[in-house]
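Computed from the coordinates by the stated procedures, all read-outs in this text should not be read as laboratory data. It should be emphasised that the depicted structure is a prediction, and the values quoted were computed from it without experimental measurement. Positions of Cβ are backbone-derived with ideal geometry, glycine not excepted, and every protein chain shown enters the neighbour counts.
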Protein chains: 4
Amino acid sequence: MRVGVIGYGYWGPNIVRNFHSQDGCEVTMVADRNPKCGDRLRKVYPSVQFTTDENEILASPQIDIVAVVTPVWTHYELAKKALENGKHVFVEKPFTYSVTQGEELVALADKRNLKIMVDHTFLFTGAVRKIKELVDKRELGDLYYYDSLRVNLGLFQHDVNVIWDLAPHDLSIMDHVIGAKPEAVVATGEKHLNGVEDVAFITVYFPKRIIAHVNVNWLSPVKVRTTLIGGEKKMLVWNDLEADEKLRIYDKGVSMSTNPSNLHQLLVSYRSGDMWAPQVEQIEALKAETAYFLKCIQENSKPFNDGEAGLRVVRILEAADRSIRTRGEAISL
Amino acid sequence: MRVGVIGYGYWGPNIVRNFHSQDGCEVTMVADRNPKCGDRLRKVYPSVQFTTDENEILASPQIDIVAVVTPVWTHYELAKKALENGKHVFVEKPFTYSVTQGEELVALADKRNLKIMVDHTFLFTGAVRKIKELVDKRELGDLYYYDSLRVNLGLFQHDVNVIWDLAPHDLSIMDHVIGAKPEAVVATGEKHLNGVEDVAFITVYFPKRIIAHVNVNWLSPVKVRTTLIGGEKKMLVWNDLEADEKLRIYDKGVSMSTNPSNLHQLLVSYRSGDMWAPQVEQIEALKAETAYFLKCIQENSKPFNDGEAGLRVVRILEAADRSIRTRGEAISL
Amino acid sequence: MRVGVIGYGYWGPNIVRNFHSQDGCEVTMVADRNPKCGDRLRKVYPSVQFTTDENEILASPQIDIVAVVTPVWTHYELAKKALENGKHVFVEKPFTYSVTQGEELVALADKRNLKIMVDHTFLFTGAVRKIKELVDKRELGDLYYYDSLRVNLGLFQHDVNVIWDLAPHDLSIMDHVIGAKPEAVVATGEKHLNGVEDVAFITVYFPKRIIAHVNVNWLSPVKVRTTLIGGEKKMLVWNDLEADEKLRIYDKGVSMSTNPSNLHQLLVSYRSGDMWAPQVEQIEALKAETAYFLKCIQENSKPFNDGEAGLRVVRILEAADRSIRTRGEAISL
Amino acid sequence: MRVGVIGYGYWGPNIVRNFHSQDGCEVTMVADRNPKCGDRLRKVYPSVQFTTDENEILASPQIDIVAVVTPVWTHYELAKKALENGKHVFVEKPFTYSVTQGEELVALADKRNLKIMVDHTFLFTGAVRKIKELVDKRELGDLYYYDSLRVNLGLFQHDVNVIWDLAPHDLSIMDHVIGAKPEAVVATGEKHLNGVEDVAFITVYFPKRIIAHVNVNWLSPVKVRTTLIGGEKKMLVWNDLEADEKLRIYDKGVSMSTNPSNLHQLLVSYRSGDMWAPQVEQIEALKAETAYFLKCIQENSKPFNDGEAGLRVVRILEAADRSIRTRGEAISL
């Protein structure tokens, strides 16, 4: 498998390194409009070609996979050309800038029998894999809520607001873990500095009373990456900034019953048991993800983080943007 | 000053102890419908009278101040009778069950020249006093946001949802610190167990792009009491569960400028300086608050946490209830 | 059972409250040389007699148990008189000011068939009970070390150094948990302010290569109460300042083997599994301890924290004092 | 300046990268007995020569500086040959395996007018630079104690005990910060697994009642890197595992005075003010250290972390080894 990587800024080098290190795979060409990226590339990979014209990658018959590691507003056009030229596409999150663009790419890939993988890297971390496993085994019981806090100082983007920058992580994890179609989105937030929202709060309503909430903020003095997931039987806290013990599972819960001698009276009982921090696999998520993409292509199987998955996230992002402009109007999905 | 206290459940003993320990003040009678409360009272204060009929307090010519420490749906009626009988009223938060009730009590107290104090205890803690001082001195510069996380397991209330139970703390602090009239409220949330919301998220829009957010949850496996306040010049984190260093002030910020050679390009600069944890006064907040109430009565001055302040909180609570029923419709205030 | 309590300073009120609340037990008299203590006592317990002359307690035929809650240098004389007058003795830690004093009291109690309990309160906390249970069930395997850090700012004592003030907690827990006779003590430390050591480090050698270490310090800017216990199979961290999850048990360990193909080469293997925080009983330790003392008296059984246990701690304290004066000479026990 | 690096195991690649990236400096050759290191090297630095025979470096007339990044028992011989061949030496900590070896190297370098730098990397971190600055400016006042906790699970060494593995960090920092000649060393510890101490406690006595203590442990379930430094005026906590706010300075202290009306009575007063976390420079310490070495050579100036500094650490290590064998006998320095 020969990979061409478009975009060699902050994240591109990780994509190059991970595809390059997979057996039976090599990165043959990297494109970036900034010629200085070529110098950085040559230092580490003297054998990989560099170009400032991404069309060399898109048109090259030598390339099987195109990785699109560029700003979101360029994804659609680059991915479309790659698919039209018969290449599988690995694309950064968020998938596209609009639902329409995403739908078109998904349809195009289907038609050409090509794979799209959206780089929802977090789904491949040990922590999220463990959470998914616990939820699927019904260790938490029925889910009640998913509540994520993802705040820090900067990094300001000029072309997208804080929702498009930070929330895709949470929205993709939530989609993966909850595994249900959301009903509606409510978003609130405010712009303080450069004309895009830098503080935002998103609520996503799911069926069966599951509610999700994402708090994203570019103006926080401290960095926080904490998610609470509450279920009927157990609850968990995932603190991604902990070196060890990122995941803590609490044998805690509440149950309600009616008083047998007075049916109007509710009895509340709390259960407060042990806490347990399972050992979480320490892998480089991107390594597992790129290996998985190669495997899906070879076996012609559908990645769970395919274009459809990317599109589900973009649907929420688009709805959140509409909601935030109206100060919280619920947007049905 | 002679005080009568109605309600001797969880919080009542603290009210009794604090009024009783003030110079020139004594608690002469305590009422609770539960006769067992009388046993508990007598053990600690053998000289204080106990009754199961609160009207004894409301009607007693010996009593100057009535403290109402009962569930919120009883506040209006008890406070009204107390005011009609010429007594000053100290009432638990939230002030009343509706805006209409609150407005009536405020008007009645005005007419009779009596004082109402709503027990927004947190306003008298060392931490909130220090935050208020920092904001008033403009140490933080223009405020950007106020974001509070107040979650824990239980204590479930049957008569009110989690917003009425937990959010009054944050709403009263936010009102005190921001000092501006809110424009609109958006609330989302979900009911999982007993027919009232146990998870809720409230956004309050203020003028000048200040946005406030309160996350309250009765179903969290961990207890969190953390508030972030972001301003133009500085930002702070208040963690009320820290034994020391509850307040951390960060000399961090972001500023935007336009590139002089390219007016379309925004330049972002981050400032990341020292952190500073000021010594916070270690006082019992309720002691300071009860002393302040006695002083306001003696000097015939207006408490800052008067009926009007209580009413401002109830207005947001009522709007939040309306918003949550419509999944986030913005309610103008 | 009628209890007389000598000493009503910082800790005395807790002793009074706990004995007083036990069924079939009452505190009938309290003595303190400071008459102001009488005012404090009367406010809470108007029915308990107060005296400034402790001999009234020691001589009273109405009293079955004398609780000695005074500075350590007074313990011997007060306890001796109490025993001579046929009373059971509950005495604060450290038991006595010297080994000789302790031995004499133990012999006297034996002769008179009276009970001594030394107030090693920590042994009755949920955390220590759980640790003891885990060690006794061999969950940790063979013990390797016990390492405690107990530091804070103040409270300076004038009559004893930091070892006699803070280390008895750790020494009594270590004695209880390890359950072996120590071989030798090495102590180092320094005096900075008032002529007694305010910083000290104690190493206690036990058989079977178990080593214990206690770091006590009155000059620390932060309060720390953390103990590490390492064993062959598991290891634990006890952080007594955590509100919940005081105890964390790690399924971590190291094992050594020789390389089968090269017997000179050691192979190290690390095991790094889950962490587990058991629910720890939330009881007031002193309540359990006083109940246990009453039970031991009634059933004529030997408390595990008897005079012998107190004496084992005093032996280490005395040895530590000798060692520290010689800058670390090992004192055999 | 041309650098030859001997040893390309765990730390060697960092040494190569940092010397290589300095202006006017290049790594020309790397030696390691393990030929696989050559493969790793070539991937990153295809132009740097690799050899399995370190004598090629030691003898090469093309090389000005030899970096010795090998186990401690090889330092003496390699450094000696390098100096004899007229090369400056950069050597890993601990400097040598014995005081005698270290003295010989220092004398040899002096005679040949060559520089030795011992890689006490921590001295170049932002945190230690800030601590040194605070102590030198007398912000903490007279020092009382230096107390470091450096524990984790593994990494077991076979040739040295935990003191030689972990304590050199603390001993070099303590030497740098306190800036006084230690008087005596007391060490205790125990061997549990492979015949060398895996748990150890070292006390170092300095003049003027300054006491230092280092707790090192290979068998801890948690990783801790915390140092407390107490002074007359202020105290600090350095937690090296914190991402931000590694350093916290407390305006806390204790002072003693005699009661003017009773000269036998000591009055203790505590001062408890603000806490302050200064912004600490975020530099790669090894980059600053290698640049400093090149500068010292060019300007013919004496590095503060020269052979003498390395030797001061080895003196304490050697004394600690003697003390631990006698269970804590104080070894005068």
Sorting from shortest, the nanometre distances separating the label point of D:LEU263 (7 Å past Cα along the line to Cβ) from those of the same residue in the other copies are 7.6, 8.1, 8.7
Using only the Cα atoms of the protein assembly as shown, what semi-axes does the equivalent ellipsoid have when each is the square root of 5 times a gyration tensor eigenvalue? Give whole Å, largest first.
54, 49, 28
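For region D:81-203, what is the convex hull volume of its Cα atoms per residue in Å³?
Hull volume normalised by residue count: 147 Å³.
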Name the residues whose placed amide hydrogens come within less than 5 Å of the amide hydrogen of C:VAL27, ignoring near sequence neighbours (fewer than 5 apart) on the same chain.
C:VAL3, C:HIS20
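Count the net charge of all other residues whose Cβ sits under 12 Å from the Cβ of A:LYS252, scoring Lys and Arg as +1 and Asp and Glu as -1. Could the numbers behind the result be given before it?
Working: positive: A:LYS233, A:LYS234, A:ARG248, A:ARG271, B:LYS223; negative: A:GLU232, A:ASP251, A:ASP274, C:ASP244, C:GLU245.
With Lys, Arg at +1 and Asp, Glu at -1, the net is 0.
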Which whole-number value in Å³ per residue fits the convex hull of the alpha carbons of region A:1-135?
124
Once you wrap a convex hull around the alpha carbon atoms of region A:167-245, what is its projected area averaged over all directions, in nm²?
6.6
Report D for region D:187-231 in µm² per second (integer): Stokes-Einstein, Kirkwood Rh on Cα pairs, 20 °C, 1.002 mPa s.
175
Efficiency by 1/(1 + (r/R0)^6): what FRET value for B:LYS208 and B:LYS132, r their Cβ-Cβ distance, R0 = 22 Å, to the nearest 0.05?
0.75
Each residue of region B:63-71 in turn: what ³J(HN,Hα) in whole Hz from Karplus with 6.51, -1.76, 1.60 and θ = phi - 60°, glycine and Pro shown as x?
10, 9, 10, 10, 9, 9, 10, 10, x
Inter-probe distance in nm under a simple model that places probes 7 Å from Cα toward Cβ, at D:GLU103 and A:LYS43:
4.6
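Less than 11 Å Cβ to Cβ from C:ILE331, Lys/Arg counted +1 and Asp/Glu -1: what total charge do the surrounding residues give?
Working: positive: C:ARG315, C:ARG322, C:ARG325, D:ARG327; negative: C:GLU183, C:GLU318, C:ASP321, C:GLU329.
Residues near C:ILE331 contribute 0 overall.
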Between the alpha-carbon centers of region B:70-120 and region B:305-329, tell me the distance in whole angstrom.
17
Which whole-angstrom value gives the distance between the alpha carbon centres of region C:1-51 and region A:36-51?
82
A:SER301 versus B:ARG33, label points 7 Å from Cα toward the beta carbon: distance in nm?
6.3
Applied in sequence order to region A:162-178, the curve 6.51 cos²θ - 1.76 cosθ + 1.60 (Karplus, θ = phi - 60°) yields integer Hz couplings, x standing for Gly and Pro, of 5, 5, 5, 6, 9, 5, x, 3, 5, 5, 6, 5, 4, 4, 5, 7, 6
Between C:GLU133 and the same site in the other copies, what are the distances in nm, shortest first, taking label points 7 Å from Cα along the C-beta direction?
2.8, 4.7, 5.2
Of all DSSP beta bridges with both partners in the protein assembly as shown, the antiparallel percent, nearest 5, is 65
Above-threshold pairs, the threshold being 30 Å between Cα atoms, out of A:LYS233/B:LYS130; B:LYS137/D:LYS252; A:LYS43/A:LYS287; A:LYS130/D:LYS223:
A:LYS233/B:LYS130
Fully extended contour minus Cα-Cα distance, from B:LYS287 to B:GLU84, at 0.36 nm per residue:
70.4 nm
Equivalent ellipsoid semi-axes - Cα gyration tensor, region A:18-69, angstrom:
17, 15, 9
Work out from phi, with θ = phi - 60° and the Karplus expression 6.51 cos²θ - 1.76 cosθ + 1.60, the ³J(HN,Hα) of each residue of region B:88-98, listed in order in whole Hz, and give x for Gly and Pro.
6, 10, 10, 10, 4, 8, x, 3, 9, 8, 7
What list do you get for D:ARG112, A:ARG315 if you sort them by fewest beta carbons within 10 Å?
D:ARG112, A:ARG315
Residues of C:210-216, mean number of Cβ from any other protein chain within 10 Å of their own Cβ, rounded to a whole number?
4
Kindly state, to the nearest 0.05, the FRET efficiency for D:LEU155 paired with A:GLU139, given R0 = 30 Å and r defined as their beta-carbon distance.
0.30
How large is the convex hull of the C-alpha atoms of chain A per residue, in Å³?
160
Within a 10 angstrom radius of each residue's Cβ in A:220-232, how many Cβ atoms of other chains show up on average? Whole number is fine.
6
Note the direction-averaged projected area, equal to a quarter of the hull surface, for the Cα convex hull of region D:192-292, in nm².
11.8
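What FRET efficiency comes out for A:GLU77 versus A:LEU241 if R0 is 41 angstrom and r is the Cβ-Cβ distance? Round to the nearest 0.05.
Efficiency, rounded to the nearest 0.05: 0.70.
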